[in-house]
Amino acid sequence: MFVDKAKVYVKGGDGGDGLIAFRREKYVPEGGPGGGDGGKGGDVIFRVDEGLRTLMDFRYQKHFKAKRGEKGRNKSQHGANADSMVVRIPPGTILLDDDTGEVIGDLTRHGQQVVVARGGRGGRGNIRFATPNNPAPELAENGEEGEERYVTLELKVMADVGLVGFPSVGKSTLLSVVSAAQPKIGAYHFTTITPNLGMVEVGDGRNFVMADLPG
Ligand SMILES: Nc1nc2c(ncn2[C@@H]2O[C@H](COP(=O)(O)OP(=O)(O)OP(=O)(O)O)[C@@H](O)[C@H]2O)c(=O)[nH]1
Ligand SMILES: [Mg+2]
């Protein structure tokens with residue numbers, strides 16, 4: 001068994017700010033407050049896709065930030081909530097909070113998902129702050145910040161192919177050439193005592209796991 005690992009940064013979207021605005025209507029001289037609430041920031045969600053087999057994609061993209069919520073609108077309208085950002089992961093991935101070591105999720109089935117960073121709530125607009133004493137408040141809240149953290153992904157990988165052959169025929173050498181693995185190579189028999197695994201990239205985006213076994 002070989003463990004593929006990756007560490008990524010995730011951040012939920014910030015909430016949209018609440019708006020300070022006043023109604024301006026014909027024949028209504030003092031229309032009162034009309035600033036709406038900000039929208040919620042997007043969540044970052046990790047979802048299992050059974051088409052994936054490795055954590056290779058996370059070597060290239062390590063930052064995942066969801067969009068922020070829209071600012072509150074006038075006429076008491078709520079700003080739009082931001083869409084969640086969905087990141088695809090292979091089945092069998094364990095997600096850990098990198099700082100605390102807490103297990104965030106252990107995802108095995110296709111479509112299973114977990115929110116790894118929540119988006120912030122939107123701030124309240126000035127309509128929310130109107131009171132009999134202060135019917136025209138010049139006050140609104142900022143949106144809440146989205147959660148952020150570093151997440152470690154761990155995937156236990158089973159080999160797709162194994163190299164079987166007599167001692168010293170060059171099995172470890174082959175693995176070292178087609179993958180990034182660095183197995184011990186020696187001009188004597190039984191150099192390899194425990195299996196070595198490596199990820200082989202085919203070139204069209206696909207990849208597979210090769211195991212170098214003892215002779
Ligand atoms: N001439 C030649 N030598 C090779 C070739 N491939 C590997 N070797 C050499 O053969 C020796 C054994 O290579 P390994 O890759 O360790 O062989 P292995 O099959 O993993 O051996 P065990 O782990 O001991 O079973 C090393 O000295 C390599 O440098 C090849 O294509 N040609
Ligand atoms: Mg070997």
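Nothing in this text is a laboratory measurement; each read-out follows from the coordinates by a stated rule. Everything numeric here is computed off the predicted structure, so don't read it as measured data. Using ideal geometry, Cβ is built from the backbone for each residue, glycine included, and neighbour counts are taken over all protein chains shown.
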* Within the chain, what is the longest stretch that has no trypsin sites (Lys or Arg not before Pro) placed in a DSSP loop and near at most 16 other beta-carbon atoms within 10 Å? -> 110-183
* Asked: Once the other residues with Cβ under 13 Å from the Cβ of LEU96 are scored (Lys, Arg +1; Asp, Glu -1), what is the net sum?
  -> -3
* **the stretch 112-204: GluC sites (Glu not before Pro) falling in loop per DSSP and having at most 14 other Cβ within 10 Å** => GLU138
* To do: Tell me which residues come under 5 Å, amide H to amide H, from GLY120 once H is placed; ignore anything under 5 positions away on its chain.
  => GLY13, ASP14, GLY15, GLY41, GLY146, GLU147
* Could you give the longest part of the chain that holds none of the chymotrypsin sites (Phe, Trp or Tyr not before Pro) found in DSSP loops with at most 14 neighbouring Cβ atoms within 10 Å? -> 61-187
* Structure fact -> Surrounding charge for LYS156, neighbours by C-beta under 15 angstrom, Lys/Arg +1, Asp/Glu -1, total -2
* Counting each DSSP H run of 4 or more residues in the chain as -39500 (n - 2.57), what helix-only mean residue ellipticity at 222 nm follows after dividing by all residues, to the nearest 500 deg cm²/dmol? -> -1000 deg cm²/dmol
* To do: Please list the equivalent ellipsoid semi-axes of the stretch 61-163, computed as the square roots of five times the alpha-carbon gyration tensor eigenvalues, in descending order and whole angstrom.
  => 43, 14, 10
* To do: Return, ordered by residue number, the residues of the stretch 109-145 whose backbone nitrogen is under 15 Å from a label point located 7 Å along Cα→Cβ of LEU52.
  => 109-117
* Under 15 Å, Cβ to Cβ, from GLU138 - net charge with Lys/Arg +1 and Asp/Glu -1 -> 0
* How big is the antiparallel share of DSSP beta bridges in the chain, given as a percent to the nearest 5? -> 75
* Asked: Using a Cα distance threshold of under 25 Å, what count of lysine pairs results for the chain when pairs must be 8 or more residues apart or interchain?
  -> 25
* Asked: How large is ³J(HN,Hα) for each residue in the stretch 119-129, as worked out from phi by the Karplus curve 6.51 cos²θ - 1.76 cosθ + 1.60 (θ = phi - 60°), to whole Hz, x for Gly and Pro?
  -> x, x, 6, x, x, 7, x, 6, 4, 6, 9
* **Cα-Cα separations in the chain greater than 27 Å, expressed as whole percent** => 53
* Return the percentage of antiparallel bridges among DSSP beta bridges fully within the stretch 161-212, rounded to the nearest 5 %. => 65
* Please report, in cubic angstrom per residue, the volume enclosed by the convex hull of the alpha-carbon atoms of the stretch 161-212. => 65
